[in-house]
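The values are calculated or read from the model by the stated rules, or taken from the named source; none is laboratory data. On a predicted model such as this, the values are computed, not experimentally measured, just so you know. All Cβ positions, glycine included, derive from the backbone under ideal geometry; neighbour counts span all protein chains shown.
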Amino acid sequence: MQASSGVGQLSELATRIRENVQKVIVGKDEAINLTMVALLCRGHVLIEDVPGIGKTTMAKALAQSLGATFKRIQFTPDLMPTDVLGVNFFNQKSSEFEFRPGPIFSQVLLADEINRATPRTQSALLEAMQEAQATVDGETMTLPTPFLVMATENPVEMEGTFPLPEAQLDRFMIRVEMGYPSAEEEAMIYTRFEKGTILASLEPVTRANELMLMQEVPPSVRVDDTVRDYIVSIIAATRDHDGISLGGSPRAGLALYKTSQAWAALSSRDFVSPDDVKKMAPSVLPHRMILSSTARLRGSSAAQLVTDILAAVPVPIER
């Protein structure tokens, strides 16, 4: 598939998916587009915001629009790793051990309120998110493709939550904050759902094989050497910043590189511009960084420091 023709097909597919999801979710173009970027890059999404914003509904609507197998895990403090991965049990009828797969063996997994589970259970997702496989009792099994984890979490300041380990945060390619709707959007929500939800009747607009074909498009999007060096400079700046004790890793830089390609493709372009990089950085980098104690005392946020870095790093100019 040529890059230009593939980009056109991908952009058309993204429009179909977004319009279908918005039959249930009012607005939220940004959150839907960012989630599709992660999906195209074979990454995963962390959706953070207060309860009642529509995090779970958006995840369900997207899964139904993709026509993919879907499972949901409600994370709670007493959830065990076997509740996520599955368990071997002894079948008395056959007198043999059998494996009962957990919900992780699905194409789209909704990890609802992931930070309400203990770190031990949260870590059960690490291998699956990085390697697309799960190991139970020493046996490694491949997960279905495509495979997308959409995790929702409430702000860590809320009671009964556990901060996600840095290693797990780094596995999420994109972090999304949905935010409150505008007054007009909230009025539309009341009108649309006064007779109940329409989520159950939502029909898929694509299939797994088409989606997997579209996942081959972003890597063909051209990245000029100057844009690549721009990404390298941004990641280096996160490591040298006085307010950041742990900057972006090579995995963070690669995530920024890949998501910039996907964003360009969604924008119907077969090349990456510096604006694509600046667009994706606030969703890719802040959750992978650890602020210094001085920055925290000053009330700085990782998002604000990324904004400062983007303003300070020189943008390449077309020759």
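For segment 9-28, a tally of residues being of a type in the set (Val, Ile, Thr) and surrounded by fewer than 18 Cβ atoms within 10 Å (Cβ to Cβ) returns 1.
Only helices (runs of 4 or more DSSP H) whose full extent lies in segment 274-319 are considered here, and the ones with at least 1 residues that are over 18 Å from Ile231 (Cβ atoms) and not small (Gly, Ala, Ser) are 293-297, 302-312.
In the set Ser220, Ser233, Ser267, only one residue is touching a Gly at 6+ places or on another chain (Cβ under 8 Å) and surrounded by fewer than 19 Cβ atoms within 10 Å (Cβ to Cβ); that residue is Ser220.
Per-residue answers, yes or no, for (1) part of a loop (DSSP other than H, G, I, E, B); (2) in contact (Cβ under 8 Å) with a residue 40 or more places away in the chain:
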position	(1), (2)
Asn209	no, no
Thr226	no, yes
Asp242	yes, yes
Gly248	yes, yes
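Please state which of the following conditions Ser245 fails to meet, knowing it meets all the rest: (1) among the hydroxyl-bearing types (Ser, Thr, Tyr); (2) within 23 Å of Gln64 (Cα to Cα); (3) not assigned by TED's automatic domain parsing to the domain that holds Asp29. Every condition holds for Ser245 apart from (2). Take the conditions touching a residue at least 40 places away in the same chain (Cβ under 8 Å) and either farther than 14 Å from Pro218 by Cβ or out of contact with any Cys (no Cβ under 7 Å at 6 or more places or on another chain) (or both) and apply them to Val277. Does it pass? When the stated conditions are applied, Val277 passes them. Residues in segment 273-319 that are more than 22 Å from Phe172 (Cα to Cα), surrounded by 15 or more Cβ atoms within 10 Å (Cβ to Cβ) and of a type in the set (A, V, I, L, M): Ala295, Val313, Val315. Selection of first residues in segment 84-106 that are surrounded by 11 or more Cβ atoms within 10 Å (Cβ to Cβ) and of second residues that are part of a loop (DSSP other than H, G, I, E, B) and of a type in the set (Val, Ile, Thr), restricted to Cβ pairs under 8 Å at least 6 apart or on distinct chains, gives the following pairs, ordered by first then second residue: Val84/Ile104; Leu85/Ile104; Gly86/Ile104; Ser106/Thr69. The single condition among (1) hydroxyl-bearing (Ser, Thr, Tyr); (2) surrounded by 12 or more Cβ atoms within 10 Å (Cβ to Cβ); (3) in the same structural domain as Ile25 (by TED's automatic domain parsing) that Tyr257 does not satisfy is (3).
Taken together, the residues in segment 80-121 that are farther than 21 Å from Val45 by Cα and among the aliphatic types (A, V, I, L, M) amount to 2. Selection over segment 17-54 of residues that are in a helix (DSSP H, G or I) and in contact with a Leu (Cβ under 9 Å, 6 or more places away or on another chain) gives a count of 11.
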